[in-house]
Amino acid sequence: MTTIVKTASAVGYIRVSSPGQASERHVSLDVQASAFQDYCRFHNLDPIATFTDVASGRKDDRAEYRRMLAYVAQGGISHVVVLFLDRFGRNPREILRRYWELEERGITVQSINEDLQEELLLLIRAGIAGQESKRTSERVRGALRKAAEQGKLVSKIPFGFVKVSDRDGARIEQVPEEASVIRLAFEMSTVRNLGYKAIADQLNELGHRTKAGRYFSAQAIKGILQNPALIGRMIFRGDDGHGEAIVRDSVYPAILTMEEWEKLQQRLTIRREERHRGRTNSSQFLLSGILRCGYCGGPMAGNATGQRRYEYYVCVQNKKAAARCGERNPHRKADLESAILEHLGQYVDPDRVRALLESQGQEHDTRDDDELTRATTRLKALEQGFLNDLDRVDRGVMTEEQYLLRQQERDAEQTGLKTRKADLETSVAAQHDIEAQSAAVPIKLRSFLEDFRDMEVPQAKAVLQGIIKAAHVFNDGRIELEFRS
């Protein structure tokens with residue numbers, strides 16, 4: 001008589017952070033695959049397939065894991081086997097979510113080298129322990145925050161300053177040589193319209209060096225010019241960057257005035273925009289980076305042809321292919337620049353600026369402010385709900401199934417709220433901007449139009465880009481402006 005033993009089907013999930021990686025709990029792909037076959041043989045399982053990811057456990061978009069889920073969803077598979085549960089991820093929340101996701105589908109998860117129930121309990125407790133570790137970190141950050149609130153330094157001294165201690169106590173002073181370098185870099189950025197790398201190259205050529213005596217890099221210049229210490233301000237956000245920032249003025253002796261700082265930050269912001277990269281800022285065309293085609297919305301670039309240097313602006317999209325934009329007519333450089341400058345003249349009147357902004361749909365609506373507050377509060381409550389439920393599971397008050405169901409409901413609500421919150425933040429920022437723009441734009445325009453003839457093109461371009469975000473030009477002579485916030 002022949003005994004037939006029915007075997008259950010199983011798939012193996014294998015992962016390493018990199019091929020060939022091996023250590024106490026992160027063993028190679030070959031070892032994991034071999035362990036899967038041995039486990040199935042010993043436990044009377046039929047090894048149908050394996051799915052292998054070579055990716056960090058922190059990644060939540062692993063292709064083979066998603067393919068395995070689709071495979072088992074087709075039916076006929078009763079077990080998923082892993083060497084350790086940490087193959088599912090490094091974060092206890094993610095491991096538990098994936099485990100319960102499979103269990104909910106009727107799939108039994110088997111761990112080759114662990115007592116599964118004990119490991120699950122450890123993971124749940126790890127979630128709680130992680131929060132306790134977080135609380136410890138918060139206490140440390142709390143001490144730093146308290147020091148920051150008192151105006152004490154909680155970070156290293158930035159370029160341009162030095163800490164001096166004597167019989168009168170400790171204080172921060174400027175380093176004259178470094179402060180002069182910062183002033184020079186400020187002038188290169190705001191007046192000469194240079195980028196980080198160009199500034200670093202010129203400072204190095206002039207013999208200037210960092211605090212450590214090294215050559216300046218683009219990244220070093222970026223860190224210097226974006227540091228609010230230049231206006232004497234210290235900003236503390238903590239190691240995680242979350243929570244309300246602590247701002248203390250007069251911690252450092254200011255190198256730049258507030259007006260200079262705002263001018264510098266606006267220039268750096270403009271240079272980060274795609275339309276102001278490359279040769280845009282160095283060209284002799286005043287409106288490059290500002291002009292947009294009124295028909296397709298694409299950028300308009302300056303061109304010069306012929307022995308007599310016929311200079312004109314043309315739609316870049318049309319230049320690439322007529323199918324992208326059918327408006328081919330070029331605009332003479334001198335004529336268009338004069339037309340734009342003349343058109344700007346009418347906006348030295350604050351009422352005209354306000355009317356333009358309102359016609360573009362920027363009326364203020366305080367309901368968005370209120371809704372943003374409610375969305376932010378609700379998101380915090382949902383996150384706290386997860387932590388509370390994790391504690392309930394650990395104490396046996398809530399089952400894993402109840403936890404999973406409630407977390408799925410929270411995830412769905414969080415996804416919608418995060419999207420809505422991002423939209424509201426954009427809307428509220430635009431609404432708050434209208435009054436400030438109506439007051440500032442006329443003053444900036446009047447000053448620019450008065451001084452324009454005495455400026456070099458790069459300098460004039462830097463000022464104009466700080467006032468106008470875009471000027472849409474049509475072949476019938478129409479000009480539509482977008483003022484910069």
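The values are calculated or read from the model by the stated rules, or taken from the named source; none is laboratory data. Just so it is clear, the model here is predicted, and its values are computed rather than measured. Neighbour counts are summed over all protein chains in view; Cβ atoms, including those assigned to glycine, are modelled from backbone coordinates with ideal geometry.
Note on region 281-340: residues that are among the aliphatic types (A, V, I, L, M) and not in a strand (DSSP E or B) amount to 11. Inclusion of residue 83 among residues that are touching a Phe, Trp or Tyr at 6+ places or on another chain (Cβ under 8 Å), modelled with pLDDT under 80, aliphatic (A, V, I, L, M) and outside the structural domain of residue 408 (by TED's automatic domain parsing) is not warranted.
None of 192, 233, 214 is over 27 Å from residue 462 (Cα atoms), among the charged types (D, E, K, R) and not assigned by TED's automatic domain parsing to the domain that holds residue 466 except 214. A single entry from 402, 459, 437 fulfils the requirement of being outside any loop (DSSP other than H, G, I, E, B), assigned by TED's automatic domain parsing to the domain that holds residue 347 and free of Cβ contacts under 8 Å to residues at least 60 places away in the same chain: 402. Whenever a residue of region 202-220 is farther than 21 Å from residue 174 by Cβ, its partners that are of a type in the set (A, V, I, L, M) and surrounded by 15 or more Cβ atoms within 10 Å (Cβ to Cβ), lying with C-beta atoms within less than 7 angstrom and at least six residues away or across chains, give the pairs 202/188; 217/200; 218/200. Checked against the criterion of being more than 30 Å from residue 446 (Cβ to Cβ), surrounded by fewer than 17 Cβ atoms within 10 Å (Cβ to Cβ) and not aliphatic (A, V, I, L, M), region 333-340 contains not a single residue that satisfies it.
The residue list 469, 444 contains one member that is within 22 Å of residue 287 (Cβ to Cβ), among the charged types (D, E, K, R) and not in a helix (DSSP H, G or I), which is 469.
Mind listing whichever residues of region 248-261 are surrounded by 13 or more Cβ atoms within 10 Å (Cβ to Cβ) and at pLDDT below 90?
First pass over region 248-261, keeping only residues surrounded by 13 or more Cβ atoms within 10 Å (Cβ to Cβ): 248-249, 251-256, 260-261.
Hits for region 248-261 are 248, 249, 251.
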